[in-house]
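Everything below concerns the one structure shown next.
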Amino acid sequence: MIFDAHMHADTRPIENFMEMNMAGVEAILTCAYDPLRMKKSNVTLEHFDRIVYDEPKRIEKHNIKVYAAVGVHPRAIPDDYENVIEKLPKYMNEEHVIAVGEIGLDEITPKQEEVFIKQLQYADENNYNVIIHTPRKNKAKVTQRTITLLDENINPQNVQLDHVDNSIIDMLIDKDYTLGITVQPLKMSPTETVEMLDKYGFDKFVLDTDISYAPSNHMALAEVKHKLIQDGYKKSDIKKVMSNNVMKFHNL
Ligand SMILES: [Zn+2]
C-alpha cells in the first residue's frame, strides 16, 4: 500500500485519484494551504470545511482513505487569523483530522513567525502532530530559522518536516523529526528520492507528492515504489517509506 503523506487534494480532478488507487495508493493526508488569497478568516474556514468534510466524500469513492490537516499556511494569513486559531479545535476533534498543517515559514517575517509560533504552541499543548512547510526560495536559511522555532516550541517527535532536499538534509538528519520527501517536478525527482533513501536509510522518511495547483505528478510515489523494487531494495524498507513510517508517526 502507498500512503501519500502530504498533498492538496482539493485542487485535483477525481480522475487523479482513480489512477492513484489503481497504482496502489490507499491513503492520503490532504493539508490546508493557499488556494485563494485568504484575506479574511471566513475564507480560510471555508477551505477547511472543504478539505475536512467534502473531500473525503469525493475521494473515498475511489477506495482511498482521506486524512486531513488544518492550519494557517504562511502564504495565506488572513488579517483576522486569530479567529482561525480559535476555531481549530472544532476541526481537530474530527477523527480523520490528524495534524495541524501545513504551517511554517515561507519567508522570515515577523508576521509569519508570529502565526507559526502560535500554532506550534497550540499543537504542543494538545500533543498534536504538525506538518511543516519549507520553501523553495532561500531554503537553507529559512529552514534553519524554522528549526530554531520548532526546537523552542514543540516536541520534535510530533514534527513532520517536509520538502526535504539535498540543500537541507544535513541539518535535519540527526533531529528527531519525521522527514518528508516531496516527489514533485521542481522539488525531488524519483531518482533523487531513491538516492537520498539509499544514502540516509529508510527509517526517518515519509514520501509525498504535494499535488496542488503547482506542477505535480500524482503518480510519483508509484514511480518511486516501482524504481525501488526494480533496483532490488528490501521489501521491508520499501514498506517503511511507502506507508509504515507515516502510519507510525500518526499512530494509525
Ligand atoms: Zn503542500
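The values are calculated or read from the model by the stated rules, or taken from the named source; none is laboratory data. All figures in this text were calculated on a predicted structure; none of them were measured in a lab. Positions of Cβ are backbone-derived with ideal geometry, glycine not excepted, and every protein chain shown enters the neighbour counts.
Below, the figures for the structure above:
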{"quantity": "Residue match in segment 24-34 (condition: assigned to a loop (DSSP other than H, G, I, E, B) and of a type in the set (Asp, Glu))", "calculated": "yes"}
{"quantity": "Pairs with Cβ under 7 Å, 6+ apart, first in segment 33-45 and on the phi > 0 side of the Ramachandran plot, second surrounded by 15 or more Cβ atoms within 10 Å (Cβ to Cβ) and assigned to a loop (DSSP other than H, G, I, E, B)", "calculated": "Met38/Ala76; Met38/Pro78"}
{"quantity": "Any hit, segment 155-173, residues being crowded, with 18+ Cβ neighbours inside 10 Å and over 17 Å from the mean Cα position of the chain (by Cα)", "calculated": "no"}
{"quantity": "Residue count, segment 108-139 (criterion: under 24 Å from Gln184 (Cβ atoms) and away from the ligand (no atom under 16 Å from the Cβ))", "calculated": "2"}
{"quantity": "Subset of segment 201-216 (residues that are closer than 23 Å to Glu102 by Cβ, buried (at least 17 other Cβ atoms within 10 Å of the Cβ) and of a type outside the set (D, E, K, R))", "calculated": "Phe205, Val206, Leu207, Thr209, Ile211, Ser212, Ser216"}
{"quantity": "Listing of strands (runs of 3 or more DSSP E) fully contained in segment 105-206 that carry 2 or more residues being of a type in the set (A, V, I, L, M, F, W, C) and closer than 27 Å to Lys227 by Cβ", "calculated": "129-133, 178-182"}
{"quantity": "Residue identified as under 19 Å from the mean Cα position of the chain (by Cα), more than 24 Å from Pro56 (Cα to Cα), modelled with pLDDT of 95 or more and not charged (D, E, K, R) among Ile103, Ile108, Ile77, Ile132", "calculated": "Ile77"}
{"quantity": "Qualifying residue in segment 219-241 (condition: surrounded by 22 or more Cβ atoms within 10 Å (Cβ to Cβ), within 16 Å of the ligand (Cβ to nearest atom), in contact (Cβ under 8 Å) with a residue 24 or more places away in the chain and under 22 Å from Leu161 (Cβ atoms))", "calculated": "yes"}
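Yes or no, residue by residue, for (1) exposed (fewer than 14 other Cβ atoms within 10 Å of the Cβ); (2) touching a Cys at 6+ places or on another chain (Cβ under 6 Å); (3) assigned to a helix (DSSP H, G or I); (4) of a type in the set (Gly, Ala, Ser):
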| site | (1), (2), (3), (4) |
| --- | --- |
| Phe48 | no, no, yes, no |
| Lys61 | yes, no, yes, no |
| Ile77 | no, no, no, no |
| Val84 | no, no, yes, no |
| Lys87 | no, no, yes, no |
| Tyr91 | no, no, yes, no |
